[in-house]
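Trainee: Dumping the structure here so I can ask a few things about it.
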Amino acid sequence: MPAELGLPAGPPGAGWPARELVGRHPGWPARLGPLVAPAGLVALRPPKLFDAAVWSRIRLRDQSYLENWEPTAPGPWDERNTPLAWLSQWWVVRASARRGQSLPFIITVDDELAGQITIGNVVRGSLCSAWIGYWVASHIVNGGVATAAAALLVDHCFTGAGLHRVEATVRPENVASRRVLAKLGFREEGLLRRYLDVAGAWRDHVCLALTVEDVPNGLAHRLVTEGRAKFD
Ligand SMILES: CC(C)(COP(=O)(O)OP(=O)(O)OC[C@H]1O[C@@H](n2cnc3c(N)ncnc32)[C@H](O)[C@@H]1OP(=O)(O)O)[C@@H](O)C(=O)NCCC(=O)NCCS
């Protein structure tokens with residue numbers, strides 16, 4: 001496991017992670033990466049209050065491209081994505097991370113905010129599982145950003161955050177997201193009927209997952225080996 005990712009030396013093995021955990025909220029906060037993707041230098045960092053203006057500008061511009069894939073939420077898009085809306089979202093997200101329920105990250109490309117990626121619904125005990133969700137700004141898509149970001153975060157989940165399973169659910173028609181998960185080797189486990197309220201209706205979702213045993217050398221290492229990314 002490469003030291004430049006800020007991960008512990010050596011691949012996660014059987015029995016990992018329970019013996020290695022320290023503190024109540026392992027894996028948070030953290031800075032992950034960078035990985036060099038075709039679009040640029042991809043890194044992850046915790047969300048900050050000062051992200052409000054850039055976050056809002058991108059989200060307002062990208063409404064038509066994003067809202068078909070995001071869970072339905074109360075209120076119109078242009079009210080939910082103002083700089084002020086970011087402040088309350090940041091507060092809620094940070095509180096959840098501090099309780100150990102999520103690991104929310106800003107994706108940066110060449111140090112500029114380029115999207116978000118989140119590990120949510122962290123359940124520990126005998127499950128040690130969570131879901132992953134992401135979006136990337138429209139001006140930088142198809143440059144390997146989501147794939148690199150998810151690789152960094154899943155590796156972190158299976159090492160510093162001490163999880164055993166990461167699950168992704170995606171609408172069957174979301175070709176780009178399914179391609180991201182396929183590149184990372186996520187295993188399709190079934191179709192969840194009317195699983196999530198997205199864009200105003202209950203939508204079927206494909207369920208995919210990885211467990212720590214699937215990636216003994218890590219996903220970032222796999223991407224680099226396949227020539228999809230480079231270590232900085
Ligand atoms: C899904 C999303 C995060 C992908 O981000 P990204 O940075 O472009 O992802 P990557 O570049 O790593 O990979 C995208 C892959 O999808 C492919 N792709 C994109 N659109 C495609 C299409 N219409 N048909 C076929 N392939 C497509 C790209 O070619 C690329 O594959 P490749 O590397 O083999 O060429 C981004 O499109 C997005 O934010 N979409 C809106 C929100 C969303 O869907 N979130 C996920 C919800 S599950």
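No value in this document is a laboratory result; all are computed from the given coordinates. Just so you know, these numbers come straight off a predicted model, no measurement behind them. Here the Cβ positions follow ideal geometry from the backbone for every residue, glycine too, while neighbour counts run over all protein chains shown.
Trainee: Could you please state, rounded to a whole Å, how far the C-alpha centre of segment 214-232 is from the C-alpha centre of segment 25-102?
Mentor: 25 Å
Trainee: Just add up the charged neighbours of P216: K/R +1, D/E -1, any other residue whose Cβ is under 13 Å from the Cβ of P216.
Mentor: Around P216, the charge tally is -2.
Trainee: If the elastic network links every pair of Cα atoms under 10 Å, which of R193, R80, R59 fluctuates the most in the Gaussian network model of the chain?
Mentor: Maximum among the listed residues: R193.
Trainee: Another question, if that's okay. I'd like the GluC sites (Glu not before Pro) in segment 116-199 restricted to DSSP loop residues with at most 13 other Cβ atoms within 10 Å, sorted by number.
Mentor: Within segment 116-199, the qualifying GluC sites (Glu not before Pro) (loop, at most 13 other Cβ atoms within 10 Å) are E173.
Trainee: Here is a further query. Count charges around G40 for me, please; just the other residues with Cβ under 10 Å from its Cβ, Lys/Arg as +1, Asp/Glu as -1. Mind showing how you got there, number by number?
Mentor: On the way: positive: none; negative: D110, D111, E112.
Here the charged neighbours net out to -3.
Trainee: Moving on. Can you check what the Kirkwood hydrodynamic radius comes to for the chain, Cα pairs only, in Å to one decimal?
Mentor: For the chain, the Kirkwood estimate is 17.9 Å.
Trainee: What FRET efficiency do you get for D110 and L49 if R0 is 22 Å and r is their Cβ-Cβ distance, rounded to the nearest 0.05? Kindly include the intermediate steps, with their values, before the conclusion.
Mentor: On the way: r = 22 Å, r/R0 = 0.99.
Approximately 0.50, to the nearest 0.05.
Trainee: On to the next question. So for segment 106-200, what percent of the C-alpha to C-alpha distances run longer than 19 Å?
Mentor: 45 percent
Trainee: Pull out the extension gain between N68 and R124, defined as 0.36 nm times the separation in residues minus the alpha carbon to alpha carbon distance; nm, one decimal.
Mentor: Gain on stretching N68 to R124: 17.1 nm.
Trainee: Here's another thing I want to ask about it. Relative contact order of the chain, please, whole-number percent, based on alpha carbon pairs below 8 angstrom and at least 6 residues apart.
Mentor: 25 percent
Trainee: In debye, nearest 20, what is the charge dipole magnitude of segment 130-232 about its Cα centre with +1 on Lys and Arg Cβ and -1 on Asp and Glu Cβ, if you could check?
Mentor: 220 debye
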